[in-house]
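First comes the structure, then the notes that go with it.
The values are calculated or read from the model by the stated rules, or taken from the named source; none is laboratory data. These numbers were taken from a predicted model, which means no experiment stands behind them. All Cβ positions, even for glycine, are placed from backbone atoms using ideal geometry, and neighbour counts span all protein chains on display. Note: accessible area is taken over every heavy atom of the protein model, side chains too, but ligands, DNA and RNA are not part of it. Shrake-Rupley method; radii C 1.70, N 1.55, O 1.52, S 1.80 Å.
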Amino acid sequence: MSREIGGSMMPRKGKRRLGAGLVAAIAAAGTLVPLGQAAAAGPVTINVVSNFTSNIARGQVLETLMKQFNASHQGSIKVVSQTTSDWPSLQAKIRIEVGAGTPPDVFLYNFNPSDTTLERYGASKLINWTPYLKADPSWEARFTKQDLQTLTTGTDTVAVPDDQSSTLIFYRKDIFKKAGIASFPTTWAELFADAQKLHKIGVAAFAEQTDDDAWLSMNQLSYLDISAGGTGAYYATKLQKAPLIKAATELKELFTYAPKDAVGANYAVGSGDFTDGRAAMVIDGPWSISSIASDVPNACTNVGVAVAPTSGSGTEKPGTIVTDALTVWGAAKSSNAAEQKAVVAWMKFYTAPASAALMATKGQFPLAVETPTSSSGSNCLLKQFVNLTNKAPAKVVNIERYMTPEAQAQLPSLVEALVTGGSSSPQQFVSSLQQLNSTSS
């Protein structure tokens, strides 16, 4: 869901294959308390399960929102945060509990396109949000129709959208100026020309990485593929061959303008290449803003946020954004009307405009609702980021989220073989990826 720069990497969202330590990790995560097991007397207690730990900005905002909500519902409802920082282990635990019929009260879940856990068990074990959304049109209107349709099976809405982090291009205006680049390029052809200008002053074009999940470079591959084949290039046609070969060819070329440490770099190294000025651009999500703001001198002046270039041929609409997978809030179904009413009340409060604005400005975590950015507390980069996200004519989940676990696991090594020169051609890269993506997990 997010990445913390410095120290170990915290995975963002996504399915991750867990090894033999799964059982131990699940045990270490503790037992989540099901709805209705609070004390018989007193307020209804709702346990909210997530990875919003108190040492990160969004966790601190969540605690603030809970205090506000509890104060206004004193004696009737009490929401409590239960957190686990290890996102993959938490997701595995939730899948097991939902499948066993004992889901947590309210839980944050990664809604990958290939994961059908919520759809399979939603009707019998989870709250159907449809009647609550239809009963309050103003609440329903906070979410996009596309997101609600994604979460609807038949007539059941199995979850409420939380966030779908966009990935945009952060670029160093100060370095662009030194290279004689007057404005951010609008086409990939212009960007490649600018990469040559940056190379002449000894600065790489993009921060890259081939270790971990190759996140930074995978984002480039997604944008290049969409530019070559349109928004259906990899999900409507299962990794369409011709556009992906073109995208791989261009990714390979971009690596000729990459930092020297790009091959084998992890997320922290790649991010550092951008903040330290060794690379002029990076494609990343909103979680990177706090580090950019603190590590780049005069960040509001020296850093800009931009949408990706286009092919220039009309293949994709200008402003189209690649996102990570949608994360959602699911909730346990209860026969107790007061308990379900309490859960709905909390979710309405959490997704209200004021809460969304606080989560974006202070938590640096834009929710999947149109978010006000006029607050004086808005970070200058976050305001640009949210405004571009709000205006996007189309959004497409990144290419990795449409891959099988086998393909996801091998993607970094395939990218490394592609870009190191000679060991893999773009055609071989695509052939290997397609073969892995046809393997059932």
> Can you tell me how many residues in the range 146-188 are among the charged types (D, E, K, R), in a helix (DSSP H, G or I) and more than 28 Å from Leu133 (Cβ to Cβ)?
Replying inline: 4
> Can you pull out the residues in the range 240-261 that are among the hydrophobic types (A, V, I, L, M, F, W, C), open to solvent by 20 Å² or more (accessible area, probe 1.4 Å) and farther than 11 Å from Phe206 by Cβ?
Replying inline: Ala242, Ile245
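In the list Tyr109, Tyr121, which residue meets the criterion of being touching a Lys or Arg at 6+ places or on another chain (Cβ under 9 Å), among the hydroxyl-bearing types (Ser, Thr, Tyr) and either over 30 Å from Thr187 (Cβ atoms) or open to solvent by 10 Å² or more (accessible area, probe 1.4 Å) (or both)?
Details: Tyr121 fails: touching a Lys or Arg at 6+ places or on another chain (Cβ under 9 Å).
Just a single option satisfies the conditions, and that option is Tyr109.
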>> Return the residues of the range 276-315 that are of a type in the set (Ser, Thr, Tyr) and either surrounded by 15 or more Cβ atoms within 10 Å (Cβ to Cβ) or part of a strand (DSSP E or B) (or both); say none if nothing qualifies.
In response: Ser288, Ser290, Ser291, Thr310, Ser311, Thr315
> Any idea which residue in the range 228-284 is farthest from Tyr402 (Cα to Cα), counting only those that are out of contact with any Ser or Thr (no Cβ under 7 Å at 6 or more places or on another chain) and among the polar types (S, T, N, Q)?
Replying inline: Thr256
>> Looking at the range 124-144 only, could you name the residues that are touching a Leu at 6+ places or on another chain (Cβ under 8 Å) and open to solvent by 20 Å² or more (accessible area, probe 1.4 Å)?
In response: Glu140
>> Which pairs turn up if I take residues in the range 349-360 that are among the aromatic types (Phe, Trp, Tyr) and look for partners that are modelled with pLDDT of 90 or more with beta carbon separation below 7 Å, at least 6 apart in sequence or on another chain?
In response: Phe349/Phe69; Phe349/Ser355; Tyr350/Leu65
> Since Gly232 meets every condition but one in (1) closer than 26 Å to Ala417 by Cβ; (2) part of a loop (DSSP other than H, G, I, E, B); (3) at pLDDT below 95, which condition does it not meet?
Replying inline: (1)
> Going by the structure shown, is Asp174 open to solvent by less than 60 Å² (accessible area, probe 1.4 Å), among the charged types (D, E, K, R), modelled with pLDDT of 95 or more and over 20 Å from Ser290 (Cα atoms)?
Replying inline: no
>> Testing Thr116 on (1) more than 19 Å from the chain's Cα centre (by Cα); (2) free of Cβ contacts under 8 Å to residues at least 12 places away in the same chain, one condition comes back false. Which one is that?
In response: (1)
> How many residues does the range 66-92 hold that are under 24 Å from Gln340 (Cβ atoms) and charged (D, E, K, R)?
Replying inline: 2
>> Test of understanding: among Ala345, Ala360, Ala356, Ala368, which residue is outside any helix (DSSP H, G or I), open to solvent by less than 40 Å² (accessible area, probe 1.4 Å) and small (Gly, Ala, Ser)?
In response: Ala368
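In the range 316-331, which residue that is in a loop (DSSP other than H, G, I, E, B) and not hydroxyl-bearing (Ser, Thr, Tyr) is nearest to Lys348 (Cα to Cα)? Reasoning before the result, please.
Applying the first criterion (in a loop (DSSP other than H, G, I, E, B)) to the range 316-331 yields 316-320, 324-325.
The next check asks that each one be not hydroxyl-bearing (Ser, Thr, Tyr); those that pass are 316-319, 324-325.
Numbers: Glu316: 35, Lys317: 33, Pro318: 33, Gly319: 30, Asp324: 24, Ala325: 22 Å.
Looking at the filtered set, the residue picked out is Ala325.
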>> Just to check your reading of the model, which residue among Ser217, Ser222 is within 20 Å of Leu168 (Cβ to Cβ), out of contact with any Pro (no Cβ under 9 Å at 6 or more places or on another chain), polar (S, T, N, Q) and open to solvent by less than 20 Å² (accessible area, probe 1.4 Å)?
In response: Ser222
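Going by what's in this entry, would Leu191 be described as under 30 Å from Ala100 (Cα atoms), assigned to a helix (DSSP H, G or I) and open to solvent by less than 70 Å² (accessible area, probe 1.4 Å)? Show your work before the answer.
On the way: under 30 Å from Ala100 (Cα atoms): no; assigned to a helix (DSSP H, G or I): yes; open to solvent by less than 70 Å² (accessible area, probe 1.4 Å): yes.
Spelling it out, it is not the case that Leu191 is under 30 Å from Ala100 (Cα atoms), assigned to a helix (DSSP H, G or I) and open to solvent by less than 70 Å² (accessible area, probe 1.4 Å).
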> When the range 70-101 is examined, which residues are found to be within 26 Å of Pro286 (Cβ to Cβ), touching a strand residue (DSSP E or B) at 6+ places or on another chain (Cβ under 6 Å) and assigned to a helix (DSSP H, G or I)?
Replying inline: Gln91, Ile94
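Sort out which residues of the range 332-342 are open to solvent by less than 30 Å² (accessible area, probe 1.4 Å), part of a helix (DSSP H, G or I) and out of contact with any Ser or Thr (no Cβ under 8 Å at 6 or more places or on another chain), and write them in order of number.
The one that is open to solvent by less than 30 Å² (accessible area, probe 1.4 Å), part of a helix (DSSP H, G or I) and out of contact with any Ser or Thr (no Cβ under 8 Å at 6 or more places or on another chain): Glu339.
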> Is it true that some residue in the range 145-157 is open to solvent by less than 10 Å² (accessible area, probe 1.4 Å) and either of a type in the set (Phe, Trp, Tyr) or modelled with pLDDT of 95 or more (or both)?
Replying inline: no
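For Leu433, are the conditions met, namely being surrounded by 20 or more Cβ atoms within 10 Å (Cβ to Cβ) and of a type outside the set (Val, Ile, Thr)? I'd like the intermediate steps shown before the answer.
Details: surrounded by 20 or more Cβ atoms within 10 Å (Cβ to Cβ): yes; of a type outside the set (Val, Ile, Thr): yes.
Criteria met by Leu433.
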